[in-house]
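Okay, so here's the structure we're looking at.
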Amino acid sequence: MDVLTKEQRRKNMQNIRSKDTSIELALRKALWNDGYRYRKNYKKLPGKPDIALTQYKIAVFCDSEFFHGKDWDALKTRLGRSEKGEYWIKKIERNMNRDNEIEKELHYLGWKVIRFWGKDIKKNPEACVQVIREAIFEQMMEKSELE
């Protein structure tokens, strides 16, 4: 059962951002400090990646654990016992399906997709930057093999 009133819950949900979230800002700051330049919320690509390194064709998504279904089986079980569980289960499953479709589209367009969970970014943004560095290196190696 929800401990907040309907009005409190509504205000809480209205404050959830889709752009410039704290996890995005943390990762972008770490990338910028490392010398990488990027586009944010790149509208020219499906799904508007949170960060797009256009030079390397790398799309980065910063996903919150709840809305993108981290540990889905456990979360689904917990939501199933809640008052509005059916609504949230459908919504999160739609989000997960949309994430998969967007990823397929981007791969088809020749882009590498990297997804990070919010807690991983908050805990260690430098490790996330290292994953991106390795992806850039791989993209550069593939490009040089084609030449």
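I'm checking my understanding of the structure. Among residues of region 71-94 that are surrounded by 15 or more Cβ atoms within 10 Å (Cβ to Cβ) and not basic (K, R), which one is nearest to the chain's Cα centre (by Cα)?
In this case the residue turns out to be I92.
How many residues are closer than 18 Å to S64 by Cα and charged (D, E, K, R) if we restrict to region 81-100?
6
Applying the selection to region 112-147, what residues are outside any helix (DSSP H, G or I) and touching an Asp or Glu at 6+ places or on another chain (Cβ under 9 Å)?
Correct list: K112, V113, R115, F116, W117.
Within region 100-128, how many residues turn out to be out of contact with any strand residue (DSSP E or B) (no Cβ under 6 Å at 6 or more places or on another chain) and surrounded by fewer than 17 Cβ atoms within 10 Å (Cβ to Cβ)?
Counting residues in region 100-128 that are out of contact with any strand residue (DSSP E or B) (no Cβ under 6 Å at 6 or more places or on another chain) and surrounded by fewer than 17 Cβ atoms within 10 Å (Cβ to Cβ) gives 14.
Output the residue which, of all residues in region 23-41 that are closer than 19 Å to K119 by Cα and touching an Asp or Glu at 6+ places or on another chain (Cβ under 7 Å), is modelled with the highest pLDDT.
Ranking the candidates gives A30 first.
Output yes when any residue across region 1-22 is at pLDDT 95 or above and of a type in the set (V, I, T), and no when none is.
no
Provide a single number: the residues in region 16-69 that are in a loop (DSSP other than H, G, I, E, B), of a type in the set (K, R), crowded, with 16+ Cβ neighbours inside 10 Å and within 15 Å of the chain's Cα centre (by Cα).
So the count comes out to 1.
The values are calculated or read from the model by the stated rules, or taken from the named source; none is laboratory data. If you're wondering where the values come from, they're calculated on a predicted model, not measured in any experiment. Here the Cβ is made from the backbone with ideal geometry for all residues, glycine too, and neighbour counts use every protein chain on show.
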